[in-house]
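**Student:** What follows is a single structure, and I will ask about it in a moment.
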Amino acid sequence: MNFLAHLSRMGATSPYHVRSDLPDFADLVTPGNFQRLAGLKICFLSGGDNAVWKPNATKKSFDMFKQIFPDGKYNRVVVQGYGHLDCWMGKDAARDVYPRIYHHIRSCERPSELRREGRALLIEDGCVSVHV
């Protein structure tokens, strides 16, 4: 199965999240797999105008992690005005998005040096909305 067919099948078949490849197409969102991620800091990133995966998908993932690991270090970044791949390849991604990625990486390396950088506004449920 090719990558696009695999993604399409995950998106068309309940429960609509990450699965292994054929032959079993097993659900990878399991308690055991979540426990392997315990303690990992995660930044859920999405373009606000993402037509491939709606920004609400990162909210669902963020909420799931916070429910399983209430003390976990997670944040969610929604970059308004950016589409699916714009966060990585957009003409102003280096200015509007990369500082947030840098900020997350720095927080993973040196939590005591965490600083607010860029033009971000912290909003509800751990979501950081970047206005460009």
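The values are calculated or read from the model by the stated rules, or taken from the named source; none is laboratory data. What you see is a predicted model; the values in this text were computed from it and never measured. Here the Cβ positions follow ideal geometry from the backbone for every residue, glycine too, while neighbour counts run over all protein chains shown.
**Student:** Which residue is farthest from LYS91 (Cα to Cα), if the candidates are limited to the range 14-53 and must be of a type in the set (Lys, Arg) and touching a strand residue (DSSP E or B) at 6+ places or on another chain (Cβ under 8 Å)?
**Tutor:** ARG19
**Student:** Where in the range 1-104 are there helices (runs of 4 or more DSSP H), lying wholly inside it, with at least 3 residues that are modelled with pLDDT of 90 or more? So that I can check it myself, show each step before the final result.
**Tutor:** Working: elements: 3-12, 31-36, 55-68, 86-89, 93-96.
In the range 1-104, 55-68, 86-89, 93-96 are the helices (runs of 4 or more DSSP H) which contain 3 or more residues that are modelled with pLDDT of 90 or more.
Here is a yes/no grid of residues against (1) loosely packed, with under 14 Cβ neighbours inside 10 Å; (2) aromatic (Phe, Trp, Tyr); (3) in contact (Cβ under 8 Å) with a residue 24 or more places away in the chain:
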| position | (1), (2), (3) |
| --- | --- |
| ALA26 | yes, no, no |
| ARG36 | yes, no, no |
| PRO55 | no, no, no |
| SER61 | no, no, no |
| PHE69 | no, yes, yes |
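**Student:** Residues to consider are VAL97, VAL79; find the one that is touching a Cys at 6+ places or on another chain (Cβ under 7 Å), aliphatic (A, V, I, L, M) and farther than 22 Å from GLU109 by Cβ. Let's see the steps before the verdict.
**Tutor:** Details: VAL97 fails: farther than 22 Å from GLU109 by Cβ.
Matching residue, one of VAL97, VAL79: VAL79.
**Student:** What's the number of the only condition in (1) exposed (fewer than 14 other Cβ atoms within 10 Å of the Cβ); (2) in the same structural domain as GLU109 (by TED's automatic domain parsing); (3) more than 30 Å from GLU109 (Cβ to Cβ) that SER8 fails to meet?
**Tutor:** It fails just one condition, (2).
**Student:** Could you tell me which residue of the range 106-118 is modelled with the lowest pLDDT, considering only residues that are surrounded by 12 or more Cβ atoms within 10 Å (Cβ to Cβ) and not small (Gly, Ala, Ser)? Before the answer, list the steps.
**Tutor:** Within the range 106-118, the first condition is being surrounded by 12 or more Cβ atoms within 10 Å (Cβ to Cβ), and the residues that meet it are 106-108, 114, 118.
After this cut, where a residue has to be not small (Gly, Ala, Ser) as well, the list is 106, 108, 114.
Details: ARG106: 82, CYS108: 79, LEU114: 40.
Taking the candidates together, the pick is LEU114.
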